[in-house]
1. For segment 22-175, what does the accessible surface come to per residue with a 1.4 Å probe? Please give it in Å².
2. Just the accessible area for Tyr117, please: 1.4 Å probe, Å², rounded to the nearest 10?
3. Rank Leu199, Val164, Leu209 by how far each Cα sits towards the positive end of the charge dipole of segment 142-215 (+1 on Lys, Arg Cβ; -1 on Asp, Glu Cβ) and give me just the farthest.
4. Toward the positive end of the charge dipole of segment 22-143, about the Cα centre and with charges on Cβ (Lys, Arg +1; Asp, Glu -1), which of Ala98, Ala124, Leu55 goes farthest?
5. Given the whole protein assembly as supplied and a 1.4 Å probe, what does the accessible area of Met49 come to in Å², nearest 10?
6. When the accessible area of segment 14-131 is split by element with a 1.4 Å probe, what percent falls to carbon and sulfur?
7. Taking N as the number of residues in segment 136-214, what is its Cα Rg relative to 2.2 N^0.38 Å?
8. What percentage of the solvent-accessible surface of segment 143-219, computed with a 1.4 Å probe over protein heavy atoms, is contributed by carbon and sulfur atoms?
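The values are calculated or read from the model by the stated rules, or taken from the named source; none is laboratory data. For clarity, every value in this text was computed on a predicted model and none was experimentally measured. Cβ placement follows ideal geometry from the backbone for every residue including glycine, while neighbour counts extend to all protein chains displayed. Quick note on the areas: whole protein, heavy atoms, side chains included, nothing else; ligands and nucleic acids left out. Shrake-Rupley method; radii C 1.70, N 1.55, O 1.52, S 1.80 Å.
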Amino acid sequence: MTDPHPAHETPLPHKRSLLGALRASFFTGLIVISPIAATIWLMWTLAGMVDGWVLPFIPAHLQPETYVGTNLRGVGVVIFLVFTITVGALARNFIGRAVIRFGEGLVDRTPVVRSVYNGVKQIAETVLSQGDAKFDRACMIDYPRPGLKAIAFVSARAKGEIAVQGDPADPLISVFLPTTPNPTSGFLLYLPESEITYLDMSVEDAAKLIISAGLVYPSEKKFEQQGKAPKKAA
């Protein structure tokens, strides 16, 4: 009677283990290469975008391509950085501030341009300011209903006519609730401070958690050593 399992088929498990090792090495390589490749691609793309915005304002005879013979990616970035630093340095002295006030006075006399300029200026001052007006703390709130938790960023304490809508003993706090995976869009919410649970994680760690849809958690070593827990606002 013929043996249903010939001897030449016995190395099959070895082949499967070899394929499994190759597959594991392939996915490990992807984990190593993917962030490097994505970072290089993103920086290369951003440099090209900035070059596309800046270089058209540079006369052709002054562009490096005229002398080198090829397009040097990143030249526009260098020009933009030098120009921005120069403008910032000039804006910090008396003459620069006088020129800016004169220019803003002209803009204020133009109806449509005035609205656009003032809106963009206010956003830029809020986002890029080195003062206290920024998202400096992560928190959790009940959203979209009690019992469901969402991560948000604390903005500031409500002011003016919005503040009077709350209880002076439990003031309203403005928080920004970002969406996943694009945290640049979201909702502006005003909540009583007692309904906000402040987190010990940094804003950067909270942003990573939101962008990754809950897959990338911050390191918990410090959290475990200190035995901390998120605190509910008083």
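1. Values: 11760 Å² over 154 residues.
Per residue, segment 22-175 has an accessible area of 76 Å².
2. Looks like 80 Å² after rounding.
3. Leu209
4. Ala98
5. Surface accessible to solvent at Met49 totals approximately 90 Å².
6. Reported share for carbon and sulfur atoms: 74 percent.
7. Normalised Cα radius of gyration, segment 136-214: 1.09.
8. Its accessible area is 59 percent carbon and sulfur atoms.
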